[in-house]
Amino acid sequence: MPQEDFVWRDAGRTVVFRDGALGAAAPLLGEHGFGSFTLLSTPRGLSSAPELAEAAEEVHEVRPGGVPEAAAAVLEPALGAARLVALGGGRVIDVAKALAAVSGAEVAAIPTTMSGAEMTGIHRLPAGAEERARGLVRPALVLADPGPMTSQPETPLRRSSMNALAHGADSLYTPLANPVSRMAALRGAGLIAVALDQEPGARDRTALALGSILCGYAIDSALFGLHHVICQSLVRVCGSPHAETNAAILPPAMEALRDRAPEQIELLSASIGTEPKSIGQRIAELGRPEGLGAAGADRGRLEEALDAIEARPELRFTPEPPDREELRSIVESAW
(Lines give C-alpha, C1' and ligand atoms only; values in the text may rest on other atoms or scores of the structure.)
Protein backbone atom coordinates (compact mmCIF):
# COMPACT_ATOMS: atom_id res chain seq x y z
CA MET A 1 0.00 0.00 0.00
CA PRO A 2 1.24 3.53 -0.71
CA GLN A 3 2.49 5.34 2.39
CA GLU A 4 0.75 8.59 3.29
CA ASP A 5 1.40 11.53 5.59
CA PHE A 6 -0.22 11.14 9.00
CA VAL A 7 -0.41 12.48 12.54
CA TRP A 8 -0.22 9.80 15.25
CA ARG A 9 -1.20 10.72 18.80
CA ASP A 10 -0.11 8.14 21.32
CA ALA A 11 -0.22 8.53 25.13
CA GLY A 12 1.38 11.95 25.43
CA ARG A 13 3.41 11.72 22.23
CA THR A 14 2.56 13.10 18.79
CA VAL A 15 4.27 11.87 15.64
CA VAL A 16 3.90 14.03 12.53
CA PHE A 17 5.02 11.93 9.55
CA ARG A 18 5.13 14.23 6.56
CA ASP A 19 7.16 14.73 3.43
CA GLY A 20 8.72 18.19 3.73
CA ALA A 21 8.29 18.39 7.51
CA LEU A 22 11.83 19.69 7.98
CA GLY A 23 11.21 22.68 5.73
CA ALA A 24 8.02 23.47 7.63
CA ALA A 25 9.48 22.63 11.05
CA ALA A 26 9.06 26.04 12.70
CA PRO A 27 5.30 26.38 12.04
CA LEU A 28 4.72 22.69 12.78
CA LEU A 29 6.48 23.05 16.11
CA GLY A 30 4.28 26.05 16.89
CA GLU A 31 1.12 24.11 16.03
CA HIS A 32 2.08 21.46 18.58
CA GLY A 33 3.06 23.61 21.54
CA PHE A 34 6.71 24.37 20.72
CA GLY A 35 6.31 28.02 19.74
CA SER A 36 9.38 28.95 21.79
CA PHE A 37 12.29 26.53 22.08
CA THR A 38 16.02 25.96 22.40
CA LEU A 39 17.55 24.15 19.44
CA LEU A 40 20.20 21.42 19.70
CA SER A 41 21.97 20.31 16.54
CA THR A 42 25.27 20.00 14.67
CA PRO A 43 26.79 22.32 12.06
CA ARG A 44 25.53 19.97 9.34
CA GLY A 45 22.03 19.91 10.82
CA LEU A 46 21.91 23.67 11.23
CA SER A 47 22.96 24.23 7.63
CA SER A 48 20.00 22.11 6.48
CA ALA A 49 17.44 24.16 8.39
CA PRO A 50 18.48 27.84 8.67
CA GLU A 51 14.88 29.00 9.20
CA LEU A 52 14.55 26.69 12.20
CA ALA A 53 17.73 28.09 13.72
CA GLU A 54 16.42 31.62 13.23
CA ALA A 55 13.16 30.71 14.99
CA ALA A 56 14.94 29.30 18.05
CA GLU A 57 15.45 31.37 21.20
CA GLU A 58 18.87 29.77 21.64
CA VAL A 59 20.99 27.37 19.58
CA HIS A 60 23.52 24.94 21.06
CA GLU A 61 25.81 22.78 18.97
CA VAL A 62 26.24 19.19 20.13
CA ARG A 63 29.90 18.32 20.05
CA PRO A 64 31.29 14.98 18.80
CA GLY A 65 31.73 12.10 21.24
CA GLY A 66 29.61 10.05 23.58
CA VAL A 67 26.19 11.17 24.74
CA PRO A 68 27.10 11.57 28.45
CA GLU A 69 30.01 13.88 27.67
CA ALA A 70 28.21 15.79 24.91
CA ALA A 71 25.19 16.33 27.16
CA ALA A 72 27.35 17.46 30.07
CA ALA A 73 29.00 20.07 27.82
CA VAL A 74 25.69 21.88 27.17
CA LEU A 75 23.87 21.04 30.40
CA GLU A 76 24.28 24.36 32.17
CA PRO A 77 23.62 26.61 29.12
CA ALA A 78 20.47 24.66 28.24
CA LEU A 79 19.25 24.06 31.78
CA GLY A 80 16.68 26.85 31.81
CA ALA A 81 14.95 25.84 28.58
CA ALA A 82 11.37 24.63 28.97
CA ARG A 83 11.33 23.06 25.50
CA LEU A 84 14.23 21.47 23.63
CA VAL A 85 14.19 20.68 19.92
CA ALA A 86 16.75 18.17 18.66
CA LEU A 87 17.60 18.25 14.96
CA GLY A 88 19.94 15.46 13.91
CA GLY A 89 20.75 11.81 14.33
CA GLY A 90 20.44 9.57 17.33
CA ARG A 91 23.30 11.17 19.26
CA VAL A 92 21.77 14.66 19.07
CA ILE A 93 18.33 13.39 20.03
CA ASP A 94 19.74 11.35 22.91
CA VAL A 95 21.60 14.43 24.17
CA ALA A 96 18.30 16.36 24.25
CA LYS A 97 16.65 13.52 26.14
CA ALA A 98 19.57 13.37 28.57
CA LEU A 99 19.32 17.11 29.26
CA ALA A 100 15.56 16.90 29.75
CA ALA A 101 16.00 14.05 32.21
CA VAL A 102 17.78 16.56 34.46
CA SER A 103 15.89 19.77 33.65
CA GLY A 104 12.36 18.48 33.15
CA ALA A 105 12.08 20.12 29.71
CA GLU A 106 9.80 18.83 26.96
CA VAL A 107 11.60 17.42 23.92
CA ALA A 108 10.74 17.55 20.24
CA ALA A 109 12.81 15.44 17.85
CA ILE A 110 13.43 16.03 14.14
CA PRO A 111 15.42 12.97 13.03
CA THR A 112 17.83 13.13 10.11
CA THR A 113 18.71 9.41 10.27
CA MET A 114 16.91 6.16 11.07
CA SER A 115 18.37 5.86 14.57
CA GLY A 116 14.96 5.38 16.19
CA ALA A 117 16.01 7.60 19.10
CA GLU A 118 13.08 9.90 18.41
CA MET A 119 10.64 7.10 19.33
CA THR A 120 12.16 5.87 22.58
CA GLY A 121 12.73 6.74 26.20
CA ILE A 122 16.02 4.85 26.06
CA HIS A 123 19.13 6.99 26.57
CA ARG A 124 22.12 7.69 28.80
CA LEU A 125 22.48 10.61 31.21
CA PRO A 126 24.82 13.64 31.32
CA ALA A 127 28.18 12.75 32.80
CA GLY A 128 28.40 13.91 36.40
CA ALA A 129 24.69 14.66 36.65
CA GLU A 130 23.29 11.15 36.93
CA GLU A 131 21.95 11.73 40.46
CA ARG A 132 20.08 14.84 39.32
CA ALA A 133 18.03 12.94 36.74
CA ARG A 134 14.27 12.82 37.29
CA GLY A 135 13.76 9.82 35.01
CA LEU A 136 14.19 8.85 31.39
CA VAL A 137 12.56 11.00 28.70
CA ARG A 138 10.65 10.16 25.53
CA PRO A 139 10.16 12.99 23.01
CA ALA A 140 6.69 14.50 23.24
CA LEU A 141 6.74 15.51 19.58
CA VAL A 142 8.38 13.88 16.56
CA LEU A 143 8.56 15.56 13.15
CA ALA A 144 9.49 12.68 10.84
CA ASP A 145 10.44 13.77 7.31
CA PRO A 146 11.28 10.73 5.14
CA GLY A 147 13.71 12.67 2.92
CA PRO A 148 16.25 13.68 5.57
CA MET A 149 15.79 10.41 7.46
CA THR A 150 16.90 8.38 4.43
CA SER A 151 19.35 10.82 2.84
CA GLN A 152 22.58 8.90 3.52
CA PRO A 153 24.58 7.38 0.66
CA GLU A 154 23.77 3.76 -0.16
CA THR A 155 26.32 1.94 2.01
CA PRO A 156 25.74 3.86 5.27
CA LEU A 157 21.99 3.91 4.51
CA ARG A 158 21.90 0.10 4.45
CA ARG A 159 23.78 -0.14 7.73
CA SER A 160 21.57 2.46 9.34
CA SER A 161 18.60 0.46 8.09
CA MET A 162 19.93 -2.59 9.92
CA ASN A 163 19.99 -0.55 13.10
CA ALA A 164 16.30 0.20 12.50
CA LEU A 165 15.50 -3.40 11.57
CA ALA A 166 17.27 -4.59 14.73
CA HIS A 167 14.91 -2.49 16.86
CA GLY A 168 11.99 -4.49 15.58
CA ALA A 169 13.76 -7.84 15.53
CA ASP A 170 15.13 -7.62 19.06
CA SER A 171 11.78 -6.54 20.51
CA LEU A 172 9.88 -9.60 19.30
CA TYR A 173 10.92 -12.11 21.96
CA THR A 174 11.36 -10.17 25.21
CA PRO A 175 9.07 -10.73 28.22
CA LEU A 176 7.52 -7.30 27.53
CA ALA A 177 6.59 -8.09 23.92
CA ASN A 178 2.89 -7.62 23.23
CA PRO A 179 0.53 -7.87 20.24
CA VAL A 180 0.89 -4.19 19.32
CA SER A 181 4.69 -4.10 19.59
CA ARG A 182 4.95 -7.28 17.52
CA MET A 183 2.62 -5.99 14.81
CA ALA A 184 4.63 -2.77 14.60
CA ALA A 185 7.94 -4.64 14.54
CA LEU A 186 6.92 -7.05 11.81
CA ARG A 187 5.31 -4.37 9.66
CA GLY A 188 8.35 -2.15 10.09
CA ALA A 189 10.77 -4.94 9.25
CA GLY A 190 8.81 -5.77 6.10
CA LEU A 191 8.80 -2.16 4.92
CA ILE A 192 12.57 -1.89 5.45
CA ALA A 193 13.32 -5.12 3.58
CA VAL A 194 11.12 -4.31 0.60
CA ALA A 195 12.58 -0.82 0.30
CA LEU A 196 16.17 -2.08 0.41
CA ASP A 197 15.40 -4.64 -2.30
CA GLN A 198 14.51 -1.80 -4.65
CA GLU A 199 17.03 0.00 -6.84
CA PRO A 200 18.38 3.06 -5.02
CA GLY A 201 17.06 5.49 -7.60
CA ALA A 202 13.55 4.03 -7.40
CA ARG A 203 13.51 3.26 -3.68
CA ASP A 204 10.40 4.01 -1.66
CA ARG A 205 12.12 6.12 0.98
CA THR A 206 8.82 6.97 2.63
CA ALA A 207 8.28 3.27 3.32
CA LEU A 208 11.85 2.93 4.58
CA ALA A 209 11.42 5.82 7.01
CA LEU A 210 8.06 4.50 8.20
CA GLY A 211 9.64 1.10 8.82
CA SER A 212 12.19 2.80 11.07
CA ILE A 213 9.46 4.67 13.00
CA LEU A 214 7.47 1.47 13.58
CA CYS A 215 10.49 -0.54 14.68
CA GLY A 216 11.48 2.30 17.01
CA TYR A 217 8.01 2.20 18.55
CA ALA A 218 8.32 -1.57 19.03
CA ILE A 219 11.61 -1.47 20.93
CA ASP A 220 10.36 1.38 23.12
CA SER A 221 7.37 -0.75 24.05
CA ALA A 222 9.01 -4.17 24.48
CA LEU A 223 12.68 -3.29 25.08
CA PHE A 224 15.51 -5.53 23.90
CA GLY A 225 17.72 -8.52 24.57
CA LEU A 226 20.64 -10.31 22.95
CA HIS A 227 21.36 -8.18 19.90
CA HIS A 228 21.34 -4.77 21.53
CA VAL A 229 23.19 -5.94 24.63
CA ILE A 230 26.01 -7.16 22.39
CA CYS A 231 26.04 -4.11 20.12
CA GLN A 232 25.88 -1.48 22.84
CA SER A 233 28.72 -3.17 24.71
CA LEU A 234 30.91 -3.45 21.60
CA VAL A 235 30.35 0.21 20.68
CA ARG A 236 31.28 1.41 24.17
CA VAL A 237 34.21 -0.94 24.78
CA CYS A 238 35.66 -1.78 21.36
CA GLY A 239 34.89 1.54 19.70
CA SER A 240 33.12 0.34 16.55
CA PRO A 241 30.54 2.69 14.99
CA HIS A 242 26.92 2.17 16.00
CA ALA A 243 25.28 1.42 12.65
CA GLU A 244 28.15 -0.75 11.38
CA THR A 245 28.11 -2.76 14.60
CA ASN A 246 24.38 -3.39 14.28
CA ALA A 247 24.74 -4.48 10.67
CA ALA A 248 27.54 -6.92 11.54
CA ILE A 249 25.95 -8.46 14.64
CA LEU A 250 22.32 -8.74 13.53
CA PRO A 251 22.78 -11.81 11.24
CA PRO A 252 24.50 -14.07 13.82
CA ALA A 253 22.31 -12.74 16.65
CA MET A 254 19.13 -13.72 14.82
CA GLU A 255 20.64 -17.09 13.97
CA ALA A 256 21.35 -17.60 17.67
CA LEU A 257 17.68 -16.90 18.39
CA ARG A 258 16.33 -19.29 15.77
CA ASP A 259 15.93 -22.17 18.24
CA ARG A 260 15.41 -19.96 21.29
CA ALA A 261 12.42 -18.06 19.88
CA PRO A 262 11.29 -20.15 16.88
CA GLU A 263 7.81 -18.63 16.47
CA GLN A 264 9.13 -15.06 16.50
CA ILE A 265 11.99 -15.84 14.13
CA GLU A 266 9.58 -17.56 11.76
CA LEU A 267 7.39 -14.45 11.70
CA LEU A 268 10.39 -12.15 11.25
CA SER A 269 11.75 -14.33 8.44
CA ALA A 270 8.43 -14.20 6.60
CA SER A 271 8.23 -10.43 7.01
CA ILE A 272 11.61 -9.88 5.35
CA GLY A 273 11.04 -12.45 2.62
CA THR A 274 12.94 -15.54 3.67
CA GLU A 275 12.81 -18.70 5.81
CA PRO A 276 14.23 -19.19 9.32
CA LYS A 277 17.11 -21.32 8.04
CA SER A 278 18.27 -18.41 5.86
CA ILE A 279 17.56 -15.48 8.15
CA GLY A 280 21.22 -14.61 8.77
CA GLN A 281 22.03 -14.70 5.07
CA ARG A 282 19.00 -12.57 4.20
CA ILE A 283 19.85 -9.90 6.78
CA ALA A 284 23.45 -9.83 5.55
CA GLU A 285 22.19 -9.31 1.98
CA LEU A 286 20.11 -6.36 3.15
CA GLY A 287 22.77 -4.69 5.30
CA ARG A 288 25.96 -5.68 3.46
CA PRO A 289 28.13 -5.39 6.61
CA GLU A 290 31.86 -5.02 6.27
CA GLY A 291 32.59 -6.70 9.60
CA LEU A 292 33.64 -5.41 12.99
CA GLY A 293 37.35 -5.41 12.18
CA ALA A 294 36.96 -3.33 9.05
CA ALA A 295 34.67 -0.99 11.00
CA GLY A 296 37.49 -0.29 13.46
CA ALA A 297 36.59 -2.45 16.46
CA ASP A 298 39.50 -3.04 18.86
CA ARG A 299 39.87 -6.81 19.07
CA GLY A 300 42.31 -6.46 21.93
CA ARG A 301 39.39 -5.40 24.16
CA LEU A 302 37.14 -8.34 23.26
CA GLU A 303 37.38 -9.94 26.72
CA GLU A 304 36.46 -6.64 28.33
CA ALA A 305 33.47 -6.37 25.99
CA LEU A 306 32.35 -9.89 26.90
CA ASP A 307 32.54 -8.94 30.57
CA ALA A 308 30.31 -5.95 29.83
CA ILE A 309 27.82 -8.08 27.88
CA GLU A 310 27.56 -10.65 30.67
CA ALA A 311 27.02 -7.90 33.24
CA ARG A 312 24.02 -6.38 31.45
CA PRO A 313 20.71 -7.30 33.15
CA GLU A 314 18.87 -7.05 29.80
CA LEU A 315 20.68 -10.18 28.63
CA ARG A 316 18.15 -12.08 30.76
CA PHE A 317 15.41 -10.95 28.37
CA THR A 318 16.85 -13.48 25.92
CA PRO A 319 15.38 -16.98 26.17
CA GLU A 320 18.10 -19.28 27.55
CA PRO A 321 20.77 -16.55 27.58
CA PRO A 322 23.98 -17.69 25.85
CA ASP A 323 27.07 -18.38 27.91
CA ARG A 324 30.37 -16.60 27.41
CA GLU A 325 31.68 -18.99 24.78
CA GLU A 326 28.57 -18.66 22.65
CA LEU A 327 28.70 -14.88 23.02
CA ARG A 328 32.32 -14.99 21.91
CA SER A 329 31.36 -17.10 18.90
CA ILE A 330 28.60 -14.66 17.87
CA VAL A 331 30.96 -11.69 18.06
CA GLU A 332 33.88 -13.41 16.35
CA SER A 333 31.64 -14.59 13.49
CA ALA A 334 30.91 -10.91 12.80
CA TRP A 335 34.55 -9.81 12.82
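The values are calculated or read from the model by the stated rules, or taken from the named source; none is laboratory data. The model shown is predicted, which means the values in this text are computed figures rather than measured ones. Cβ placement follows ideal geometry from the backbone for every residue including glycine, while neighbour counts extend to all protein chains displayed.
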Inset, instruction - Would you point out the residue of the stretch 308-335, among those that are among the acidic types (Asp, Glu) and part of a helix (DSSP H, G or I), that is farthest from the chain's Cα centre (by Cα)? - result: 325
Inset, instruction - Quick one: which residue in 297, 305 is part of a helix (DSSP H, G or I) and either surrounded by fewer than 19 Cβ atoms within 10 Å (Cβ to Cβ) or at pLDDT 95 or above (or both)? - result: 305
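Residue by residue through the stretch 221-248, note down the ones that are hydroxyl-bearing (Ser, Thr, Tyr), surrounded by 24 or more Cβ atoms within 10 Å (Cβ to Cβ) and farther than 14 Å from residue 155 by Cα. Full working, then the answer.
Of all residues in the stretch 221-248, those hydroxyl-bearing (Ser, Thr, Tyr) come to 221, 233, 240, 245.
Cutting the leftovers down to surrounded by 24 or more Cβ atoms within 10 Å (Cβ to Cβ) gives us 240, 245.
Matches in the stretch 221-248: 240 only.
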Legend entry - Residue satisfying all of: in the stretch 4-63; within 20 Å of residue 151 (Cβ to Cβ) and basic (Lys, Arg); surrounded by the fewest Cβ atoms within 10 Å (Cβ to Cβ) among these: 44
Inset, instruction - Using the structure shown, decide if residue 162 is hydrophobic (A, V, I, L, M, F, W, C), out of contact with any Leu (no Cβ under 7 Å at 6 or more places or on another chain) and surrounded by 20 or more Cβ atoms within 10 Å (Cβ to Cβ). - result: no
Legend entry - Yes/no for residue 261 being farther than 15 Å from residue 170 by Cβ, among the hydrophobic types (A, V, I, L, M, F, W, C) and either crowded, with 22+ Cβ neighbours inside 10 Å or in contact (Cβ under 8 Å) with a residue 60 or more places away in the chain (or both): no
Inset, instruction - Take the stretch 167-195 and flag every residue that is among the hydrophobic types (A, V, I, L, M, F, W, C), in contact (Cβ under 8 Å) with a residue 12 or more places away in the chain and under 25 Å from residue 16 (Cβ atoms). - result: 180, 184, 185, 186, 189, 191, 192, 194, 195
Inset, instruction - Go through 308, 297 for me and flag whichever is over 19 Å from residue 251 (Cβ atoms), in contact (Cβ under 8 Å) with a residue 40 or more places away in the chain and among the small types (Gly, Ala, Ser). - result: 308
